[in-house]
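This report refers to the structure that appears directly beneath it.
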Amino acid sequence: DASYDTVRAVYDYLVSNCTYDALNLDQSMYSVMVNHSGVCASFAKAFEFIVQCLGIPCTVVNGRLLKSEGYLSTTLGHQWNILQLGDSWYHVDITSALSVSEAEWTDYRFLCATTDDILKTHLIENPVDVVQCTSTDLEFFRYHGLCLDSYSRSDLADTMLKAMDMGLGLIAKFSNYRVYCEAIDDLFTHEGIFRAIEDATGIVLNSVSYQLDEEQLTLRLDI
């Protein structure tokens with residue numbers, strides 16, 4: 001999808017080339033567009049301007065963060081975006097991605113998120129009603145084939161290797177809590193993780209570091 005690729009390119013550029021500066025009092029898009037730094041209002045306005053210039057409907061959403069991640073405080077008001085791709089609307093939050101993305105990879109939870117997903121970390125307090133974003137078609141992991149609807153060691157290994165080839169590290173997402181629990185039980189309760197790694201890479205390990213996100217239903221390996 002050309003429009004999706006365009007939005008992701010803007011997302012990647014802003015996350016990779018700009019910084020969040022809580023002391024920057026300039027909340028206009030100028031701060032981000034020219035100085036490559038700003039606060040949430042600056043990023044929301046800059047993203048809105050860029051994608052609108054590219055012919056994609058987009059607007060700013062006002063609200064608050066429910067959780068503190070990285071250097072963003074839950075006590076502060078917050079701004080992000082919703083945009084339309086095809087017949088569907090999606091949430092995009094550059095500032096939250098800036099806050100939690102690591103040097104090795106970009107965090108794509110905040111690219112084309114549904115309302116249900118964004119409400120896990122955000123509270124919408126917009127002066128006018130915000131359209132419900134219900135489509136998961138462009139949710140990052142599903143769109144790129146990194147979301148598992150059922151579990152097997154081989155499918156998990158293939159998905160993680162695909163993610164690694166994309167520069168995302170060894171990560172996979174599960175489509176529902178049942179599949180997530182099935183995977184965790186096999187991999188860690190029954191130590192299937194070592195056989196999965198050996199089958200996929202030929203590497204024999206005695207220990208492995210991993211990150212579980214029960215809210216996002218993701219598993220990341222650090223080997």
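A cut-off of 5 Å between modelled amide H atoms, ignoring neighbours fewer than 5 places along the same chain, links residue 61 with 80, 81, 82. Against the longest alpha carbon principal axis of the chain, how many degrees, from 0 to 90 and to the nearest 10, is the axis of helix 192-201 turned? Helix 192-201 sits roughly 80 degrees off the main axis of the chain.
Apolar share of the accessible surface for the chain: 49 percent from carbon plus sulfur atoms, 1.4 Å probe. Report note on the peptides 124-130, 188-194, 178-184: ranked by the mean count of other C-beta atoms within 10 Å, highest first, their order is 178-184, 188-194, 124-130. In angstrom, the C-alpha Rg and Dmax of the range 99-223 are 15.9, 56. Karplus-derived 3J(HN,Hα) values for the range 181-187, using 6.51 cos²θ - 1.76 cosθ + 1.60 with θ = phi - 60°, are 5, 4, 5, 5, 4, 5, 6 Hz; glycine and proline are entered as x. Converting phi to 3J(HN,Hα) with the Karplus coefficients 6.51, -1.76 and 1.60 and the offset θ = phi - 60°, the range 56-63 yields 10, x, 7, 8, 9, 10, 9, x Hz in sequence order, with x at every glycine or proline. Between helix 2-17 and the chain there is an angle of about 80 degrees, using the helix long axis and the longest principal axis of the Cα atoms. Using θ = phi - 60° in the Karplus curve 6.51 cos²θ - 1.76 cosθ + 1.60, the 3J(HN,Hα) couplings for the range 82-88 round to 10, 9, 10, 10, x, 9, 10 Hz; x is entered for Gly and Pro.
What do you get for the angle between helix 153-165 and the principal long axis of the chain? Use alpha-carbon atoms, 0 to 90 degrees, nearest ten. Helix 153-165 sits roughly 40 degrees off the main axis of the chain.
If you stretched the chain out fully between residue 188 and residue 128, how much longer would it get, using 0.36 nm times the residue separation minus the C-alpha to C-alpha distance? Could the numbers behind the result be given before it?
Details: separation 60, 0.36 × 60 = 21.60 nm, distance 4.64 nm.
Length gained, residue 188 through residue 128: 17.0 nm.
Calculate, for the chain, the solvent-accessible area per residue in square angstrom, rolling a 1.4 angstrom probe over the heavy atoms of the protein chains.
For the chain, the per-residue accessible area is 49 Å².
With a Förster radius of 25 Å applied to the C-beta separation of residue 33 and residue 1, the computed FRET efficiency comes to 0.45.
The values are calculated or read from the model by the stated rules, or taken from the named source; none is laboratory data. Fair warning: this is a prediction, and the values are worked out from it, not measured in the lab. Here the Cβ is made from the backbone with ideal geometry for all residues, glycine too, and neighbour counts use every protein chain on show. Side chains included, ligands, DNA and RNA excluded: accessible areas come from the protein's heavy atoms. Shrake-Rupley method; radii C 1.70, N 1.55, O 1.52, S 1.80 Å.
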